[in-house]
Structures are given as C-alpha cells and as structure tokens.
Amino acid sequence: MSRLSWISNELEEQRKARLLRSKIEFTPLADGLCEFEGRRLRNFAGNDYLNLAHDQRLIDAACKAAKEAGVGSRASAVVCGRSPWHVRLEQKLGDFEGQESALLFPTGFATNIGVIAALVDSNDIVFCDRLNHASLVDGCRLSGARLRVFRHRELSGLARELAKADSYRRRLIVIDGVFSMDGDIAPLADICDLAEAHDAMVLVDEAHGTGVLGANGRGACEATETEERVTVRIGTLSKALGSLGGFVTGSESLIEYLLNSARTQIYSTAIPPSVCASALEAIKIVEAEPERRRRLEQLSSTLHQELASAGILPLPGCQGAICPIPLTSPEQATLAAEKLRAAGFLVGAIRPPTVPKDSSRLRITLSCAHSESDVRDLVKHLVECL
Ligand SMILES: *Cc1c(COP(=O)(O)O)cnc(C)c1O
C-alpha cells in the first residue's frame, strides 16, 4: 500500500491542475448523436467524419462475417489470424490507395510504432514535427534512432537538421498528414522537396485524411499531390472508415519487409474478420459516395463563416473537419465543454498532455451526419459558453 502512495500524490497534482481524466460513459447512437447521462447530445467530438460507424451496410457486413467466422481472429496474422476477410481488405486498401500492397495492424497507434521502429534504429536519424500524434512520437522514441523534433511547420529548422544528418545510415521524416488536434494539413510538397534533397524517407500518418481529403478520398497525400513522393503511408480504419484497425500501404517489398519486422503486427492478435468486413464496406462507400466528402467541406465552410460572424477565432490554419477553438486554460476548456453538454452538444475539451502546455482548446469535429442548422446551433451556444 505505502509503496503506491506516490500514485495518490500524482493524481492529486493532476486534479489540482484540472488535468485529471475520468471514465465517462457515452452510448453512441445513429446520425451523429450519442447518449450521455440519459440525454441525447449532438456529437461534435468524434472522428466519424463520414457517418459510417452506424451505417447499416457496415453493420450488416460485420454481422455476416461474425456469423461465418466467429468473433475473435484467433491469433496474429502471421500465425493463423489472416482470414479471407483480411486478405480482401488488404487487397482493397492497396487498390484504393493506388499502391502495390497493404498490411493490416491492430490499431493506428500500433501501426505507427511498429512501422517506425522497423524502418530505423540506432544507426539512423528520425525527424518529427513537435505536434505529431503521440503514436508517431512514441514510435520515434522506441526505434532508438537519433530523434530531432522540429517546430510545427518550421521547415527551415527541418532543413537545418537534415543538412547535418548526412553521416547517418538512414534518414526518416515522420509527419501527420492532418494534425489531429490542430486541423491543419502538413506542407507535404515542401517536406518531400527536402526529403529528396537529403535522401530521406517520408512517412505520412493519414489518420484524419483517409476518406476525407483529396478528390478520391485518399487523404492529405492526394490533396497535396505527393502520393508518388511519399515513402510510407499509414492510415487507420477507426476514423472516417468507422471501424477499427490500422494499415500501411506501399511497395510490395516494403510490405513484405514490414510483415517480417513490424513487431506490433507480428506479436499482436489480428483484428476480427467482422471488423475487416465493415472496413471493406466503408472503403466501397468512400469510392461510391464522394458527396459525403463534399458535404463535410460544405459544413466546414458554414462552421468557419458562423464562427467569423460570431467573432470566435479558431486556431489559425485549421481547415476541413477539425476546428479547434483556443482557450486560455484547462479549466476554461472543461467548463466550456460542460456548458455545451448542458446545451445538448458534445465537444472535446483538449488539455495537456494531448496538446502542449498553455494551449488547451475545444476541438469541434464535423461529421456528414450533422446538418447546417446543427452547426449554426452549435455556434450560437458556443458564444454563450466561452
Ligand atoms: C487516432 C490517431 C492515431 C491512432 O489511430 P487508432 O486507430 O485510433 O489507434 C494515429 N495517428 C493520428 C494522427 C491519430 O489521430
């Protein structure tokens, strides 16, 4: 007991700083709603951008696969966990992204740490934007490569570091395609220029880009016309695709290499067949229903217009479905989110360590389940809650 007393002290400090998280139960409902403490809220906090998590076609596909193959996948994909559903989904992911091959992982987080640690080690150097997702940062640390963190979007800093990195065996730049807490798109063309000048690989995390950005929904790489120049593209099935799991796409040899070396893929149980079946259905919908992406764009411009006329400034550079509203303190963020819940809206209160110190914010995310009037209502209430 006494050997754990440090934990109570830690918790007390986090509580005082208003940084303590607790278990909260939300029941997801169809059409961008959720239930919280017996009330229905409009969910502006999720990442179900295309409203697919509750789509009947995904549900039916999952049920059918579960009836045929059962619930769990039994083992790692390299032992006996790769079912026909996994094979079909990997094939589809490769085709969808216009890449030779694809490989599934248990989650997006596991993909990032597994892939980065497979690509570089202590002989190498890795460059990481300061605002990259935690899983990219952890992947860099886990790899044992020399880590250089550059300031968000400050490519002069990246260029300086790259110029000093000639003596390393391999150079790898890792970057979020869309920054998850900031909503801006990475300057991928400029990053690829630098990478090519310094013989560096580029790994892009498309967690918030897949299904949402680009004419065909292939993500930030498609939107910035860098698909041919990026070395490794990582995506997740858990956001716009409404399901769960991570994946990487690339050349045949890259995928064969990762199949043999990415430890989070080798030593972790494969996602269930039912999850593969629903994700496969989601990709077909992304291909067949581009109007969902357009609707999201439309809602985003409505949101930005409404915020502008209400005099609320979102974080500079944000665009698309993620719209953060900067606030001065964690208290202010949690209080505003509480008031919004009381008014019927679920919005994320984002605090450190998810974002750097002194940069707490409300994070509004759009889904094509929302209507224009939902967005206007949200902004109306936001004015009163800030
Ligand atoms: C959510 C997220 C991940 C992790 O994906 P999961 O499938 O949820 O594990 C990775 N990178 C970014 C940028 C994310 O936002």
Criterion: part of a strand (DSSP E or B), farther than 25 Å from Ile364 by Cα and at pLDDT 95 or above - qualifying residue of Leu104, Leu89: Leu104
Within the range 213-236, work out how many residues are farther than 20 Å from Tyr257 by Cβ and either of a type in the set (Val, Ile, Thr) or not assigned by TED's automatic domain parsing to the domain that holds Gly250 (or both). 3
Within the range 12-26, can you find the residues that are surrounded by 10 or more Cβ atoms within 10 Å (Cβ to Cβ) and under 25 Å from Leu346 (Cβ atoms)? Gln14, Arg15, Ala17, Arg18, Leu19, Leu20, Phe26
Filtering the range 301-320 down to residues that are in a helix (DSSP H, G or I) and touching a residue at least 12 places away in the same chain (Cβ under 8 Å), which residue is surrounded by the most Cβ atoms within 10 Å (Cβ to Cβ)? Leu303
Can you name the number of the only condition in (1) under 23 Å from Arg229 (Cβ atoms); (2) part of a loop (DSSP other than H, G, I, E, B) that Asn123 fails? (1)
Of all residues in the range 234-268 being within 11 Å of the ligand (Cβ to nearest atom) and under 17 Å from Val174 (Cβ atoms), which is surrounded by the most Cβ atoms within 10 Å (Cβ to Cβ)? Gly235
Pick from Arg130, Arg141: which is free of Cβ contacts under 8 Å to residues at least 12 places away in the same chain, under 30 Å from Ser167 (Cβ atoms) and either more than 16 Å from the ligand (Cβ to nearest atom) or assigned by TED's automatic domain parsing to the domain that holds Leu259 (or both)? Arg141
Of the residues Glu297, Glu281, Glu291, which is within 25 Å of Asp55 (Cβ to Cβ), within 20 Å of the chain's Cα centre (by Cα) and surrounded by fewer than 19 Cβ atoms within 10 Å (Cβ to Cβ)? Glu297
For residues in the range 188-217 being away from the ligand (no atom under 16 Å from the Cβ) and part of a loop (DSSP other than H, G, I, E, B), which is surrounded by the most Cβ atoms within 10 Å (Cβ to Cβ)? Gly217
Please determine whether any residue of the range 100-113 is assigned by TED's automatic domain parsing to the domain that holds Gly211 and more than 16 Å from the ligand (Cβ to nearest atom). yes
Looking only at the range 220-233, filter to residues that are touching a residue at least 60 places away in the same chain (Cβ under 8 Å) and within 15 Å of the ligand (Cβ to nearest atom); which one of those is nearest to Asp166 (Cα to Cα)? Val232
Any idea which of Ser180, Ser167, Ser156 is assigned to a helix (DSSP H, G or I) and hydroxyl-bearing (Ser, Thr, Tyr)? Ser156
Report the residue count in the range 39-73 for those that are buried (at least 16 other Cβ atoms within 10 Å of the Cβ) and among the acidic types (Asp, Glu). 2
Kindly indicate whether Ile116 is away from the ligand (no atom under 11 Å from the Cβ), assigned to a helix (DSSP H, G or I), in the same structural domain as Gly217 (by TED's automatic domain parsing) and without any contact (Cβ under 8 Å) to a residue 60 or more places away in the chain. no
Which of the residues spanning the range 139-153 are surrounded by 15 or more Cβ atoms within 10 Å (Cβ to Cβ) and touching a Gly at 6+ places or on another chain (Cβ under 6 Å)? Phe150
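The values are calculated or read from the model by the stated rules, or taken from the named source; none is laboratory data. In this text, all values refer to a predicted model and were calculated from it rather than measured experimentally. Cβ: placed from backbone, ideal geometry, glycine included. Neighbour counts: every protein chain shown.
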